[in-house]
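These notes are about the structure you will find just below.
What follows draws every value from the coordinates through simple rules; no lab data is involved. Just so it is clear, the model here is predicted, and its values are computed rather than measured. We place every Cβ from the backbone using ideal geometry, glycine too, and count neighbours over all the protein chains shown.
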Amino acid sequence: MSFFKEVQGLRAWKNPNVRAALMYTATYSFALGLWGTSVLSGYLKTIPPGKNTLVGIAEGLQGAVQAMAALPSGYMGDKYGRERVLRVASGVGVLTVCVFIVTLAVGASYDNVPDSGVIEYVLMCIALGMFGFFDGSSSGSLEALFHDSLHTEERPVVTTAKFIARVLFRATGPCLSAVLFVLIGDTWTRPQLRTVFYVGIGLTLIPAMLLLLLRDKHALGHESEAVPQSPEFGVPDASDLTYAAIPTAEIEAEQHALAESRDHALSDGDEPVRNIEAADADAPLLRQESAGSSTAASLRGAKFWIPRITLACDVSFGLASGMTIKFFPLFFKEETGMSPGQVNAIYVISPLAIVVCSVIATRMIKYFGRVRVPIFFSTSGVILLFAMYQMGQSKDKALWKEPMVIVPIFIVRTAFMNCCAPIRKSILIDFVDKSSRAWWNSMDSVSQFSWSGSAVLGGILCDKYGYGASFLATAIVQFIAVCVFSMLLFYRERIDGVGQVRPQTS
C-alpha cells in the first residue's frame with residue numbers, strides 16, 4: 001500500500017483542528033515562499049550599502065525575537081489554553097502585514113536618493129522583528145494543538161503529510177514569484193523585487209486569520225497522549241523482563257505435586273495429561289518475571305533523554321543552516337549569474353525533491369526505523385555540501401559558474417537534509433507529555449532562532465572569506481548535529497516500538 005493510500009483512511013482528517021492546521025500550513029508556506037526566500041534576501045541586499053552582514057543582522061533579529069516570544073507563549077499555551085495564545089498571535093500577524101506594507105512604501109520614496117538606506121533598513125528590521133514575534137507566539141501552541149488532535153499511532157504519517165503540504169505549497173510561492181518576474185522584468189532591481197514582496201506579504205493575512213479557527217475543545221483525550229510512563233500500560237518489552245533461577249528444591253516440590261495430581265486423575269478414570277515433558281531436576285529452570293520498577297525507570301530515562309537529544313540536534317541543524325540558507329539566493333545571483341526567475345525556479349524544484357525524499361524516508365522507517373533513516377539522509381546531505389565547498393576551491397571557480405552542475409547538487413543536498421524533519425518531530429512529540437507539548441514545541445522553535453541568528457555569522461563569513469567559507473562551516477556543524485542525533489541509537493528499539501503498545505482497557 002502506497003503512502004498516499006495509507007493517508008486517506010486516517011481518522012485525523014475528521015478533526016477540525018487538523019484541517020485548520022493544514023490550511024494554515026498551506027497558506028503560510030505559499031505566502032512565505034513568495035516573499036521570504038530569494039525576494040527577501042535580494043531586497044535587503046539592495047538597501048545601501050548592500051552588505052551580506054546587514055542581511056544577516058536583519059534575519060538574525062527576526063530569529064532572536066522569535067525565540068524570545070516562543071518560550072513564554074508556549075508556557076502560556078500550556079497554562080491558559082492554546083486557543084487564547086493563537087488569537088493574540090493572529091492579531092500580531094495582521095499588524096505585522098500592515099507594518100511591512102508601510103516599510104515598502106517608504107522604501108519606494110527613497111529609490112532615487114543615494115545613500116538613503118538607513119531609515120528603510122531600520123523599518124525593515126522592525127517589520128522582520130514583528131514577523132518573528134508572530135511566528136514565535138503562534139508556532140508552539142499551533143503545533144501542540146495539532147498534535148493534541150492526533151491519535152498517537154497516526155502521528156508519524158500525519159506529521160509527514162503536513163510536512164509534505166508545507167514544502168509543496170512552499171514551492172508554489174517561488175513558482176508564482178518566477179511568473180511575476182517574467183511579467184514585470186526578470187532583474188534584481190528594487191521596483192521588481194518590491195512588487196513581488198507586496199503580493200507575498202499581502203497573502204500572509206490569510207494564515208494569520210486562519211489561526212482563529214483552532215479550538216481547544218476539538219483536542220483529543222488519552223488517544224493523543226505520549227507513550228505511557230508506567231508499565232501497567234500494555235506489555236513490557238522483552239528487554240524489560242528479568243529471569244530468576246528457581247531453586248532445585250522448589251522444582252522437585254512442584255514435580256511431586258504434579259505427579260500426585262496426575263495419579264489422582266488416573267484413579268478417577270480420567271484421561272492422562274498428555275505432552276508433559278519432565279524437567280531435568282539437576283538443571284535450573286528460568287522463570288520470566290516482569291520487572292515493573294525497572295521498566296518504569298527505563299521509560300523515565302528514555303522520556304528524559306530522547307526529547308533533549310532530538311531538540312539539541314534540531315538546534316544544531318538550525319545553527320548550521322542559518323549560515324547558508326539566507327545566502328544561497330545571493331550565491332546563485334553573484335557566483336552563478338542567475339536571474340531572479342531562475343533562482344525562484346530552484347526553489348520550486350527543491351521542495352518537490354524534499355517531498356519525494358520524505359515519502360521515501362517514511363516508507364524506509366518501516367524497515368530501518370526512525371533513527372537510522374534520518375542518520376543516512378543527513379550524512380549524505382553533509383557530504384554533498386562539502387562537495388559544493390570543494391568545487392569553489394579552484395581559482396576560477398568554474399564549477400560554481402555551471403548551473404547544470406551546481407544546481408542539481410544543491411537540490412539533492414537540500415532534499416536529503418530536510419526530508420526527515422517530520423520524523424524527528426514525531427520522535428520529540430511521542431516522548432513528551434501532552435500537558436507540556438506547547439512548551440516543548442516552543443523550545444523547538446529555538447532551532448528557528450539559531451537558523452536565523454547564525455545568519456549574522458554567515459553574512460560575516462560571506463563578506464570576508466566568500467560563500468565557500470559558509471558552506472564549510474555549515475557542513476561541519478551539520479556533521480556535529482548528526483553525531484548528536486546518533487545518540488538516539490541507544491533508544492532505537494523503544495523509539496521504533498511506539499504505537500505497538502497500547503493502553504489496555506477493561
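Spatially, region 73-134 and region 370-422 are offset by 33 Å when compared through their Cα centroids.
Exceedance of the 20 Å cut-off in Cα-Cα distance is limited, within the set Lys162/Lys333; Lys333/Lys401; Lys14/Lys366; Lys162/Lys326, to Lys162/Lys333; Lys14/Lys366; Lys162/Lys326. Projecting label points 7 angstrom from Cα along Cα→Cβ for Leu489 and Met23 puts them 4.6 nm apart. Between Tyr75 and Ser435, the simple spin-label model (points 7 angstrom out along Cα→Cβ) gives 1.7 nm.
In plain terms, the chain from Tyr198 to Phe368 could stretch by 56.6 nm, reckoned as 0.36 nm per residue minus the Cα-Cα distance.
For Ser394 and Leu213, FRET efficiency with R0 = 56 Å and r from the beta-carbon atoms, rounded to 0.05?
0.55
Relative to the globular-protein estimate of 2.2 N^0.38 Å, the Cα radius of gyration of region 324-427 stands at 1.17. Converting phi to 3J(HN,Hα) with the Karplus coefficients 6.51, -1.76 and 1.60 and the offset θ = phi - 60°, region 43-58 yields 5, 4, 5, 7, 6, x, x, x, 9, 4, 4, 5, 4, x, 5, 4 Hz in sequence order, with x at every glycine or proline.
Using R₀ = 41 Å, calculate the FRET efficiency as 1/(1 + (r/R₀)^6) where r is the Cβ-Cβ separation of Lys14 and Thr379; round to 0.05.
The computed FRET efficiency comes out at 0.60.
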